[in-house]
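The values are calculated or read from the model by the stated rules, or taken from the named source; none is laboratory data. For clarity, every value in this text was computed on a predicted model and none was experimentally measured. Don't worry about glycine lacking a Cβ; one is built from the backbone with ideal geometry, like all the others, and counts go over all protein chains shown.
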Amino acid sequence: MSVPLSEPQAATSGWVEPPRVSLRAIVLASLRLPAVVWRGRDLVAASVGRELRARFRGSLLGPLWPLVHPLALFAIYGFVFAQLFGMRLAAHGGNPGLGYGVWLFVGSLVWASFAEGVGRGTSSIVEHRGLVRQLAFPAATLPLIRVLGAALTFALGAGAFLAVRGLSGAGLPDLEHLVWLPVLLVLQIALTYGLALAAAALHVVLRDTAHAVGLLLSVAMFATPVFWVPDPAVLPPVEPWLDWITANPLFWLLEGWRAALLGAPSSASFPDSVGASCAALAPWAAGSLLLGTLVFCTLEPRLPDEV
Amino acid sequence: MSHVVETQGLGKAYASYASARARVLHGLSFGRWSRPREHWALRDVSFNLERGASLGLIGANGAGKSTLLRLLAGASAPSAGRLRTRGRVASLLELGTGFHPDFSGRENARLCGVLLGASRRELDERLDAILDFAELGDALDAPLRTYSTGMAMRLGFAAALGLEPDILILDEVFAVGDQHFQKKCVDRLFAFRAAGGSLILASHGLYDVRQICDRTLWLDQGALRGLGPSDEVTHAYAAWMGTRAGALDEGERDAATLPPNSPRLTGFELLDGEGRAVRAAVHSGASLELVASWHDPRPARAPLHLGLSFTRQDGTLVAAVGTHLDGLRLDAAEGQVRLELPELALLAGSFRVLAHLFDEHGVHRFHELPLRSDLVVTARGRELGLVRLAHHWHVRQPESVP
């Protein structure tokens, strides 16, 4: 700790002075935040590992659970929707193995990861108030730990999906899709972290935030095509709403993963390229990080005392 | 001398809002409307700490000790004034901060180290020494929730000290654990200071503060009430508190409950001038002897010290003497200390007399033994007070005119 993990307002002289409430101070703190988080990387890595292991400590299957759970969902969705209801996606018409069930499964996996990251991230600082109150602790890492935990659980599920797909004879998606996966994952983490960071700081000063975030997530889940198919060929009433649907960054997040993992877009009217989804998502991810940084840095001086 | 901690006019205010609505309004107006009521937990505190020095922090509950420690630890920014620290600061303000019940002692020690700011490489180097010091034995790889409070505390203390900080900030925590570990902590603190470490210790144990800290800072309602040599400040504080001065008589211990190889007192009695045991009240001015015997099963480890204290029934420490205060040392496995009190200066009253067996620093108390019955003193004269001061009168006045 020769260099404290977080330096509240340490000037170059080493003097710690009362925080100044000014736009300049907020901008300066925002510029410093990435370095503060980076210095806490050991802490983040150790804590993400702890989050993941804590879920499965004392269980027989242990680290296999993040795989078992999605695989079971996969089987259920596949059986109920593809076999019982015989639902097919128009865009996947030529490939009967990739039915609505698989499509739904991928969407809900991505959505669960996003909602868990934002939802659990919101309460992360308040739940670790001991650390923030007692130590020179980089509070901005707390939502990141939750977001990364959710993203890693998701990545395991996605990996399991690809493995099953490969083994079942359906084959892996084209390489042009697969190379975009890391980019898509980074954008997903950035989008989720920015929102979680802003909500977590806000939740400290206003405890209504967690309730509001829970409500907004429920609304967003139905506004985003997680369960319904944004394809006029399958669901004709969506036709006039397509512009609105594609203005939603979460749509691009889901569409990107669906195109990457299934090898085809939800509808013939959407681009069949993960890169296009990444391009549409990137400004949103950057904007989310900016929003999160500004909100957090505005509230940061108040956190240790009000948490 | 170089200062490792400097503070200038340090103050800390906490905001208290009338309602959640007031809080939102204040935030949305960027601090213009609906100002909160400010409570100053700390105001205008200035002091410096030299490298290798130690500072005690005393004061009643709510006097601002914890707030000052939080500022020094860098957990919170001051509202007024400024502060500067040099070197690595490790703080142990709340034991068990950051511990996870489902992880083993080993994993928790790692996490604790990371939380205190150590890099992974540094932890790899020091983890063994830390775990060694915590003495968890076979429990090292068991989940923390199976640990006793004492074990968890040992782990926290070991992790904080194991990182070899330049400045160590402790809040009351070193009164933790069993007797054996307390002793280890005290030894480790002295070693830390001998190696040039600087210490800030907040404690209610005035005796500990006096023995461990060169200087003491007394906070009263957030303001600096006294700063100076520990003896002076703790005595002023004790006088102000109007209660026990030394708190020397806490928790005497039955020899049967001592760990088997702990040093112990084997006898303590009061004799009159002719060497006979005293059974009844004694007169003020009489000659007395106090005889205490010790036994140390492992005499090689370090010299012992023996202290004797006289306490009035309301807890006021009337007098205390000790071999460590007078530059003596007890090295042997067993022996006897005889304290002559030529002319008892105590005036009428009933006094509790305790023998204390200390470690080589005169801090950790291995064993305490009271006299079987309190010392009851009767006085013939009409003098008032606790003690008779040695005195001579010299009167100077003009011849009175009849």
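Report yes if B:Gly117 is within 14 Å of chain A (Cβ to nearest Cβ), buried (at least 17 other Cβ atoms within 10 Å of the Cβ) and outside any helix (DSSP H, G or I), otherwise no. Give the derivation first.
Working: within 14 Å of chain A (Cβ to nearest Cβ): yes; buried (at least 17 other Cβ atoms within 10 Å of the Cβ): yes; outside any helix (DSSP H, G or I): yes.
Yes, satisfied.
Each row is one residue, and each column tells you yes or no for (1) within 13 Å of the chain's Cα centre (by Cα); (2) within 25 Å of B:Arg301 (Cβ to Cβ); (3) crowded, with 23+ Cβ neighbours inside 10 Å.
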position	(1), (2), (3)
B:Arg145	no, no, no
B:Thr149	no, no, no
B:Ala152	no, no, no
B:Leu155	no, yes, yes
B:Ala158	no, yes, yes
B:Phe181	no, yes, no
B:Val186	yes, yes, no
B:Ala191	no, yes, no
B:Ser198	no, no, yes
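Does A:His203 count as out of contact with any helix residue (DSSP H, G or I) (no Cβ under 6 Å at 6 or more places or on another chain) and either within 14 Å of chain B (Cβ to nearest Cβ) or crowded, with 23+ Cβ neighbours inside 10 Å (or both)?
no
Return a yes/no flag: does region B:382-398 have any residue that is under 30 Å from B:Lys184 (Cβ atoms) and part of a loop (DSSP other than H, G, I, E, B). Show your work before the answer.
To start, the set of residues in region B:382-398 that are under 30 Å from B:Lys184 (Cβ atoms) comprises none.
Within region B:382-398 (the criterion being under 30 Å from B:Lys184 (Cβ atoms) and part of a loop (DSSP other than H, G, I, E, B)), the answer is no, since none of the residues qualifies.
State whether one or more residues within region B:19-31 are farther than 15 Å from A:Trp15 by Cα, touching a residue at least 12 places away in the same chain (Cβ under 8 Å), surrounded by 13 or more Cβ atoms within 10 Å (Cβ to Cβ) and away from chain A (no Cβ under 13 Å).
No, region B:19-31 contains no residue that is farther than 15 Å from A:Trp15 by Cα, touching a residue at least 12 places away in the same chain (Cβ under 8 Å), surrounded by 13 or more Cβ atoms within 10 Å (Cβ to Cβ) and away from chain A (no Cβ under 13 Å).
In this structure, is B:Ala286 of a type in the set (A, V, I, L, M, F, W, C) and free of Cβ contacts under 8 Å to residues at least 12 places away in the same chain?
Values: of a type in the set (A, V, I, L, M, F, W, C): yes; free of Cβ contacts under 8 Å to residues at least 12 places away in the same chain: no.
Judged against the criteria, B:Ala286 is not a match.
Give, as residue ranges, the helices (runs of 4 or more DSSP H) completely inside region A:209-282 that count at least 1 residues that are charged (D, E, K, R). Don't jump to the end; show me each part of the working.
Values: elements: A:209-223, A:242-246, A:249-262.
In region A:209-282, the matching helices (runs of 4 or more DSSP H) lie at A:242-246, A:249-262.
For A:Leu172, which of the numbered conditions (1) without any contact (Cβ under 8 Å) to a residue 12 or more places away in the chain; (2) part of a helix (DSSP H, G or I) fails to hold?
With respect to (1) without any contact (Cβ under 8 Å) to a residue 12 or more places away in the chain; (2) part of a helix (DSSP H, G or I), A:Leu172 is out only on (2).
Quick one: is B:Glu172 surrounded by fewer than 22 Cβ atoms within 10 Å (Cβ to Cβ), within 16 Å of the chain's Cα centre (by Cα) and touching a residue at least 24 places away in the same chain (Cβ under 8 Å)?
Here the answer is yes, as B:Glu172 does meet what is asked.
Show the residue pairs that are 6+ apart or on different chains and have beta-carbon atoms under 6 Å apart, the first residue being within region B:346-375 and on the phi > 0 side of the Ramachandran plot, the second being not in a loop (DSSP other than H, G, I, E, B).
B:Gly349/B:Val377; B:Gly362/B:Gln211; B:Gly362/B:His305
Residue by residue through region B:163-180, note down the ones that are at pLDDT below 65 and within 14 Å of chain A (Cβ to nearest Cβ).
Within region B:163-180, B:Val173 is the sole residue that qualifies.
Could you look through region B:72-112, keep only residues that are surrounded by fewer than 23 Cβ atoms within 10 Å (Cβ to Cβ) and assigned to a helix (DSSP H, G or I), and pick out the one that is farthest from the other protein chains (Cβ to nearest Cβ)?
For region B:72-112, the residue satisfying everything is B:Arg106.
Show the residue pairs meeting these rules: Cβ distance below 8 Å; 6+ apart or different chains; first residue within region A:39-57 and farther than 17 Å from A:Glu127 by Cα and more than 9 Å from every other protein chain (Cβ to nearest Cβ); second residue buried (at least 18 other Cβ atoms within 10 Å of the Cβ) and acidic (Asp, Glu).
That search, which allows pairs on different chains as well, returns nothing.
Name the single residue, out of those in region B:1-42 being hydroxyl-bearing (Ser, Thr, Tyr) and at pLDDT below 80, that is farthest from the chain's Cα centre (by Cα).
B:Ser29
What's the number of the only condition in (1) closer than 30 Å to A:Arg207 by Cα; (2) at pLDDT below 90 that A:Gly121 fails to meet?
Of everything listed in (1) closer than 30 Å to A:Arg207 by Cα; (2) at pLDDT below 90, A:Gly121 misses just condition (2).
Report the residue count in region B:32-48 for those that are within 26 Å of B:Trp218 (Cα to Cα), touching a Lys or Arg at 6+ places or on another chain (Cβ under 8 Å) and either surrounded by fewer than 18 Cβ atoms within 10 Å (Cβ to Cβ) or away from chain A (no Cβ under 14 Å) (or both).
Final tally of qualifying residues: 1.
Can you tell me how many residues in region A:127-169 are assigned to a loop (DSSP other than H, G, I, E, B), away from chain B (no Cβ under 12 Å) and either under 25 Å from B:Leu111 (Cα atoms) or touching a strand residue (DSSP E or B) at 6+ places or on another chain (Cβ under 8 Å) (or both)?
Residues in region A:127-169 being assigned to a loop (DSSP other than H, G, I, E, B), away from chain B (no Cβ under 12 Å) and either under 25 Å from B:Leu111 (Cα atoms) or touching a strand residue (DSSP E or B) at 6+ places or on another chain (Cβ under 8 Å) (or both): 1 in total.
Within region B:211-241, track down each residue that is under 12 Å from the mean Cα position of the chain (by Cα) and surrounded by 21 or more Cβ atoms within 10 Å (Cβ to Cβ).
If the condition is that a residue be under 12 Å from the mean Cα position of the chain (by Cα) and surrounded by 21 or more Cβ atoms within 10 Å (Cβ to Cβ), then B:Ile212, B:Cys213, B:Thr216, B:Ser230, B:Thr234 are the ones that fit.
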